[in-house]
């Protein structure tokens with residue numbers, strides 16, 4: 001099955017959790033199967049939003065889906 | 001007279017007790033779910049000599065002793081091949097991370113998983129050169145077993161499992177496999193109720209609400225090799241889910257109806273068979289019925305399992321998949337006769353044609369999936385180079401965590417003609433049974449390594465590893481992708 005491409009953007013290198021599973025790090029291309037996922041980052045919890053619910057399809061490695069987390073200012 | 005009546009009564013009582021007490025070994029319920037324990041890839045120690053950067057998985061096909069012997073020969077060749085990885089000397093065998101096996105191949109896989117180097121000391125006499133079929137018939141003709149077999153809960157497969165347990169696997173269970181660490185051995189069987197693949201790993205047993213650690217490895221091998229008609233199914237109980245159970249990460253939202261054409265949806269459907277507790281029992285037979293090559297377990301790991309997570313984490317550099325396919329093919333005599341084939345021939349063909357084609361497609365799918373990744377990597381590099389040249393101010397494109405350099409090395413009898421002095425027909429006509437003579441076993445052990453070394457993909461792997469060890473550039477004759485199509 002063809003793969004889809006996701007980039008989780010964050011100003012720092014941080015673990016990326018896909019449906020709760022450590023699946024790589026921020027700011028690189030992740031290769032996944034087509035479909036719906038919950039995307040969030042590993043600790044510390046200093047980011048916003050808390051998570052993204054995405055429907056990953058129609059991407060390419062040169063045009064990946066990009067979800068952006070920002071540093072939460074406490 | 002009175003004594004005879006007492007004897008007859010005692011005998012009948014004994015037989016009734018035997019029938020009543022004969023029951024297959026039931027898998028135990030698991031009360032508390034723990035994703036960090038049990039027989040799953042991530043809980044296994046990699047071992048001191050195993051790197052993730054060179055990630056090696058083996059697939060052992062079905063084919064009775066023929067398949068077990070061919071797999072053994074490959075294991076022996078991997079043991080003898082010394083390489084250097086990350087500046088450290090090791091053997092290719094020590095780099096094996098997982099083995100997915102079916103039927104006859106499961107004997108070699110499980111034996112190595114349990115007893116490691118002992119495989120090369122005694123597996124040949126303990127299994128390969130032994131008349132296992134004869135031993136099975138002996139136990140079948142033992143009057144003690146007649147009474148046991150009269151029970152609905154005890155079949156011929158249970159006798160086979162007892163034999164394997166006592167004579168081959170020394171009553172070992174999956175806890176022992178887990179203690180040994182990698183390689184992760186996936187013993188594949190077929191669920192007759194769902195018509196789908198099933199493997200003896202804790203992920204599957206979690207869905208059954210069951211423990212795998214104390215389950216005999218011999219029963220898993222028996223299920224994997226339970227040839228239809230000759231043997232009966234191995235049955236497992238499907239319990240309520242353990243407290244705290246969570247499905248594998250990829251399962252969530254996978255059953256969205258609009259995604260029904262995807263492999264992820266299909267995998268989720270497979271798991272949902274066990275999550276449906278109305279399916280109280282699972283009946284398993286030969287893994288070859290659903291995948292006679294063991295490739296589907298590896299494809300699953302590549303698509304959404306332990307291989308995928310490591311690719312995305314950037315830990316895998318070379319991904320090496322070695323397919324040991326003991327498929328045979330009788331000479332086509334049908335096409336030379338005017339008279340149509342009879343019922344027996346048609347039955348045999350019905351059982352094997354779909355299986356052989358599916359096996360071929362499974363390996364093709366593996367090759368295509370890995371080659372697609374190579375093409376994406378090449379495209380991305382070309383794009384980045386063009387950007388640097390024509391638009392140097394533009395931000396650099398985002399890349400993968402690491403490029404992977406994949407290899408699919410298939411060993412089968414198709415290539416025997418390339419080996420000087422060998423007769424391909426000798427191997428293609430070899431029977432599928434658990435009884436081969438010493439000469440047949442010897443020739444299989446001998447031909448496997450030669451076939452592997454003759455593949456251009458294996459040649460490239462060794463050239464690339466040697467060049468890396470010597471600090472030399474990648475050989476031009478082996479560009480990335482040459483490990484797939486060369």
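Descriptive notes on the structure:
- Scope segment B:420-434; condition part of a loop (DSSP other than H, G, I, E, B) and more than 16 Å from residue B:62 (Cβ to Cβ); matching residues: B:420, B:421, B:422, B:423, B:429
- Listed conditions (1) out of contact with any helix residue (DSSP H, G or I) (no Cβ under 8 Å at 6 or more places or on another chain); (2) part of a helix (DSSP H, G or I); (3) farther than 26 Å from residue B:45 by Cβ are all met by residue B:203, apart from (3).
- Residues of segment B:232-239 include none that is within 14 Å of chain A (Cβ to nearest Cβ), modelled with pLDDT of 95 or more, surrounded by 21 or more Cβ atoms within 10 Å (Cβ to Cβ) and not in a helix (DSSP H, G or I).
- Out of B:141, B:154, B:137, one residue alone is more than 18 Å from the chain's Cα centre (by Cα), surrounded by 18 or more Cβ atoms within 10 Å (Cβ to Cβ) and at pLDDT below 95. It is B:154.
- Segments classed as strands (runs of 3 or more DSSP E), wholly inside segment B:20-91, with at least 1 members that are free of Cβ contacts under 8 Å to residues at least 24 places away in the same chain: B:82-85, B:88-91
- For segment A:46-57, filtering for residues that are over 18 Å from residue B:253 (Cα atoms) and either at the interface with another protein chain (Cβ under 9 Å from one of its Cβ atoms) or touching a residue at least 24 places away in the same chain (Cβ under 8 Å) (or both) leaves 3.
- Some residue of segment B:391-410 being closer than 30 Å to residue A:61 by Cβ, within 14 Å of chain A (Cβ to nearest Cβ) and part of a helix (DSSP H, G or I): no
- The single condition among (1) at positive phi; (2) buried (at least 17 other Cβ atoms within 10 Å of the Cβ) that residue B:195 does not meet is (2).
- In segment B:261-277, the qualifying residues are those that are within 11 Å of chain A (Cβ to nearest Cβ) and out of contact with any helix residue (DSSP H, G or I) (no Cβ under 7 Å at 6 or more places or on another chain), and the one that is farthest from residue B:244 (Cα to Cα) is B:261.
So that you can scan it fast, the table gives a plain yes or no per residue for (1) under 30 Å from residue B:458 (Cα atoms); (2) free of Cβ contacts under 8 Å to residues at least 60 places away in the same chain; (3) touching a helix residue (DSSP H, G or I) at 6+ places or on another chain (Cβ under 9 Å):
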{"residue": "B:324", "(1), (2), (3)": "yes, no, yes"}
{"residue": "B:329", "(1), (2), (3)": "yes, no, yes"}
{"residue": "B:333", "(1), (2), (3)": "no, yes, no"}
{"residue": "B:336", "(1), (2), (3)": "no, yes, no"}
{"residue": "B:345", "(1), (2), (3)": "no, yes, yes"}
{"residue": "B:350", "(1), (2), (3)": "no, yes, no"}
{"residue": "B:355", "(1), (2), (3)": "yes, no, yes"}
{"residue": "B:360", "(1), (2), (3)": "yes, yes, no"}
{"residue": "B:363", "(1), (2), (3)": "yes, no, yes"}
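- Residues in segment A:1-21 that are more than 7 Å from chain B (Cβ to nearest Cβ) and either free of Cβ contacts under 8 Å to residues at least 12 places away in the same chain or within 23 Å of residue B:377 (Cβ to Cβ) (or both): A:2, A:3, A:4, A:5, A:6, A:8, A:9, A:13, A:16.
Okay, residues lined up against (1) over 30 Å from residue B:423 (Cα atoms); (2) in contact with a helix residue (DSSP H, G or I) (Cβ under 8 Å, 6 or more places away or on another chain); (3) touching a residue at least 12 places away in the same chain (Cβ under 8 Å):
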site	(1), (2), (3)
B:450	no, no, yes
B:454	no, yes, yes
B:460	no, no, yes
B:465	yes, no, yes
B:469	yes, no, yes
B:473	yes, yes, no
B:476	yes, no, no
B:480	yes, yes, yes
B:484	no, yes, yes
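- Unmet requirement for residue B:329, which otherwise passes all of (1) part of a helix (DSSP H, G or I); (2) surrounded by 13 or more Cβ atoms within 10 Å (Cβ to Cβ); (3) at pLDDT below 90: (1)
- Test result for residue B:339, surrounded by 12 or more Cβ atoms within 10 Å (Cβ to Cβ), out of contact with any strand residue (DSSP E or B) (no Cβ under 7 Å at 6 or more places or on another chain) and either away from chain A (no Cβ under 14 Å) or assigned to a helix (DSSP H, G or I) (or both): no
- The residue of segment B:297-326 that is farthest from the other protein chains (Cβ to nearest Cβ), among those that are part of a loop (DSSP other than H, G, I, E, B) and within 15 Å of the chain's Cα centre (by Cα), is B:326.
- Residue match in segment B:343-355 (condition: assigned to a helix (DSSP H, G or I), under 19 Å from the mean Cα position of the chain (by Cα) and within 29 Å of residue B:479 (Cβ to Cβ)): no
- Every test in (1) within 14 Å of another protein chain (Cβ to nearest Cβ); (2) modelled with pLDDT of 95 or more; (3) surrounded by fewer than 17 Cβ atoms within 10 Å (Cβ to Cβ); (4) touching a strand residue (DSSP E or B) at 6+ places or on another chain (Cβ under 7 Å) is passed by residue B:245 save one, and that test is (4).
- Complete set of residues in segment A:26-36 that are in a strand (DSSP E or B) and either touching a helix residue (DSSP H, G or I) at 6+ places or on another chain (Cβ under 6 Å) or more than 7 Å from every other protein chain (Cβ to nearest Cβ) (or both): A:30, A:32, A:33, A:35
- Single match in B:127, B:115 (criterion: at pLDDT 95 or above, part of a helix (DSSP H, G or I) and surrounded by fewer than 23 Cβ atoms within 10 Å (Cβ to Cβ)): B:115
The values are calculated or read from the model by the stated rules, or taken from the named source; none is laboratory data. The shown structure was predicted, so the numbers you read here are calculated from the model rather than taken from an experiment. Ideal geometry is used to build each Cβ from the backbone, glycine not excepted, and the neighbour counts take in all protein chains shown.
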